[in-house]
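**Q** Below: one structure in structure tokens.
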């Protein structure tokens, strides 16, 4: 029980605002959005679907929003493909150039790095991280607690889209979403993806209203 206690409280310790305390909280309105995409070899069969998702996400951006892109294949192969930019065309071009790379999957390491990159933004925009994954992680050095700590430290809002060529693994994702206060989306088939992205953007914009 003593081992579970600090992890269970991470959301309350790091994510809840403290009155009267200066915190690393971005402003309202536009969003800085970082997409973390799996490009490991085992994900190659759904790379086309992932590109279509990224294009849909980029298409939902509003004036003032900025988007960035990074990929992860393994703990040693994590790449920032596109820095935060208001030019969604640049983001789409970089997404189209994603290719599968050898790797044993390091989802948690990828998410932690993406949250760190968002944390460096000083634009004042809300920080949103969208993870596209099948839920598998075979070699991350980071734990769920490590990732939640970084997410909450930098006031990052997490959304996870689960896609897989087969049955996805959601156990780790469920823990990550629960402990960070994030959201999970599991479109059953490719034709469901546009509606999933609309729901995603509706939730992001609803979060903006809740901050007003």
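**Q** Go through region 179-190 residue by residue and tally those that are in contact (Cβ under 8 Å) with a residue 40 or more places away in the chain and outside any loop (DSSP other than H, G, I, E, B).
**A** Going residue by residue through region 179-190, those that are in contact (Cβ under 8 Å) with a residue 40 or more places away in the chain are 179-181, 190.
Narrowing the set further to residues that are outside any loop (DSSP other than H, G, I, E, B) leaves 179-180, 190.
Result for region 179-190: 3.
**Q** Need the failing condition index for residue 33 against (1) surrounded by 14 or more Cβ atoms within 10 Å (Cβ to Cβ); (2) at pLDDT 95 or above; (3) part of a helix (DSSP H, G or I), just the number.
**A** For residue 33, the failing item is (3).
**Q** Okay, moving on. Every residue in region 144-169 that is farther than 17 Å from residue 109 by Cβ, without any contact (Cβ under 8 Å) to a residue 60 or more places away in the chain and either surrounded by 18 or more Cβ atoms within 10 Å (Cβ to Cβ) or under 11 Å from the mean Cα position of the chain (by Cα) (or both), please. Even if it seems obvious, please write down each step before you answer.
**A** Initially, region 144-169 is screened for residues farther than 17 Å from residue 109 by Cβ, giving 152, 155, 157, 159, 161-168.
Among the residues that remain, those that are also without any contact (Cβ under 8 Å) to a residue 60 or more places away in the chain are: 157, 159, 162, 166-168.
Of everything in region 144-169, those that are farther than 17 Å from residue 109 by Cβ, without any contact (Cβ under 8 Å) to a residue 60 or more places away in the chain and either surrounded by 18 or more Cβ atoms within 10 Å (Cβ to Cβ) or under 11 Å from the mean Cα position of the chain (by Cα) (or both) turn out to be 157, 159, 162.
**Q** Shifting gears a bit: Please count how many residues of region 60-82 are free of Cβ contacts under 8 Å to residues at least 60 places away in the same chain, within 21 Å of residue 195 (Cβ to Cβ) and outside any strand (DSSP E or B).
**A** Residues of region 60-82 free of Cβ contacts under 8 Å to residues at least 60 places away in the same chain: 61-63, 66-73, 76-82.
Applying the additional criterion that residues be within 21 Å of residue 195 (Cβ to Cβ) yields 61-62, 67.
Then drop every residue that is not outside any strand (DSSP E or B), which leaves 61-62.
Count: 2.
**Q** Would you point out the residue of region 87-103, among those that are more than 17 Å from residue 49 (Cα to Cα) and surrounded by 14 or more Cβ atoms within 10 Å (Cβ to Cβ), that is modelled with the highest pLDDT? Show your work before the answer.
**A** Start the filter on region 87-103 by keeping residues that are more than 17 Å from residue 49 (Cα to Cα), which leaves 87-90, 102-103.
Filter once more, keeping what is surrounded by 14 or more Cβ atoms within 10 Å (Cβ to Cβ): 88, 90, 103.
Details: 88: 90, 90: 95, 103: 88.
Once the filter is applied, the top-ranked residue is 90.
**Q** Might you check whether a residue that is crowded, with 16+ Cβ neighbours inside 10 Å, over 24 Å from residue 63 (Cα atoms) and out of contact with any helix residue (DSSP H, G or I) (no Cβ under 8 Å at 6 or more places or on another chain) occurs anywhere in region 174-181?
**A** Scanning region 174-181, I find at least one residue that is crowded, with 16+ Cβ neighbours inside 10 Å, over 24 Å from residue 63 (Cα atoms) and out of contact with any helix residue (DSSP H, G or I) (no Cβ under 8 Å at 6 or more places or on another chain), so the answer is yes.
The values are calculated or read from the model by the stated rules, or taken from the named source; none is laboratory data. Everything numeric in this text was worked out from a predicted model, so none of it was measured. Note that we place each Cβ from the backbone using ideal geometry, even for glycine, and neighbour counts take in every protein chain shown.
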